[in-house]
Amino acid sequence: LRLSGVNMPHLTYEKEITGLVVIDPYNDFISEGGKIWDRIKNVAEANQCVPHMRQILEAARNTGIRVFYALHRRYRPGDYETWKYIAPIQKAAWSRKSFEYGTWGGEIRAGFEPRAGDVVAAEHWCSSGFANTDLDLLLKKHSIHKLIVMGLIAHTCVEATVRYAAELGYEVTVVKDATASYSDEHMHAALEVNLPNYASAIVTTDEILGRLASPAGIEVAAEG
């Protein structure tokens, strides 16, 4: 499989050095009845975000690519009450009690649960899966240099995690129809304006599935 690209490198996804990073597959985000589902539902259903995430997760496992979970802090009473400074996004999560620990909304959606061999990083407090967590350590301990990133939501946690990954030296591929956000405008800002500066490739689910199903050594070029 060779995808069209404009002055972009050809990428390979060797299972020994590639990891799939799954960001925040909580019920509150991607299940009917979740606290944030109604805000992302239109975008998520239009691009089939949830089925695509499931397909990629299964493909990664079937091809031996290790799965890493980058999960948002599940709200617990007392989390923010004594903080001196709280970012707006954290104030919003506090007010909604998003992903509240011990509730259905704070559970990982059925079908996305970690399995034996998967790696679950410490929960992040704001947006980046790397900030104040052990994700970078865990990736390095498994000799991972390349990341395939999917999950929620495009303009906050996905973007922040990809930016941080680039700072740390990882080669990153973002799957653009395995993420969602509040509006097409948010998706455009993340996937077409900001992330092309940091991700080596921004591809569709079909493109990444085709690559993962291909024999080792076949190259995939980043989308221009």
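Looking at this structure, is residue 159 in a helix (DSSP H, G or I), among the acidic types (Asp, Glu) and out of contact with any Phe, Trp or Tyr (no Cβ under 9 Å at 6 or more places or on another chain)? Judged against the criteria, residue 159 is not a match.
Annotation note: Cβ proximity below 7 Å between a residue of region 113-138 that is at pLDDT 95 or above and small (Gly, Ala, Ser) and a residue that is assigned to a loop (DSSP other than H, G, I, E, B) and open to solvent by 50 Å² or more (accessible area, probe 1.4 Å) (sequence gap 6+ or interchain) occurs for 121/134; 122/134.
Across region 147-170, the qualifying residues are those that are open to solvent by less than 30 Å² (accessible area, probe 1.4 Å) and among the hydroxyl-bearing types (Ser, Thr, Tyr), and the one among them that is nearest to residue 182 (Cα to Cα) is 156.
Restricted to helices (runs of 4 or more DSSP H) entirely inside region 1-119, those with at least 1 residues that are closer than 19 Å to residue 191 by Cβ, open to solvent by 50 Å² or more (accessible area, probe 1.4 Å) and of a type in the set (Lys, Arg) are 37-46. When residue 173 is tested against (1) under 23 Å from residue 17 (Cβ atoms); (2) touching a strand residue (DSSP E or B) at 6+ places or on another chain (Cβ under 7 Å); (3) assigned to a helix (DSSP H, G or I); (4) modelled with pLDDT of 95 or more, exactly one condition is not met: (3).
The values are calculated or read from the model by the stated rules, or taken from the named source; none is laboratory data. Keep in mind that this is a model prediction, so the values were computed, not measured. Positions of Cβ are generated from backbone atoms using ideal geometry, with glycine treated the same way; all protein chains shown enter the neighbour counts. What goes into the accessible areas is simple: the full protein's heavy atoms, side chains included, and nothing from ligands, DNA or RNA. Shrake-Rupley method; radii C 1.70, N 1.55, O 1.52, S 1.80 Å.
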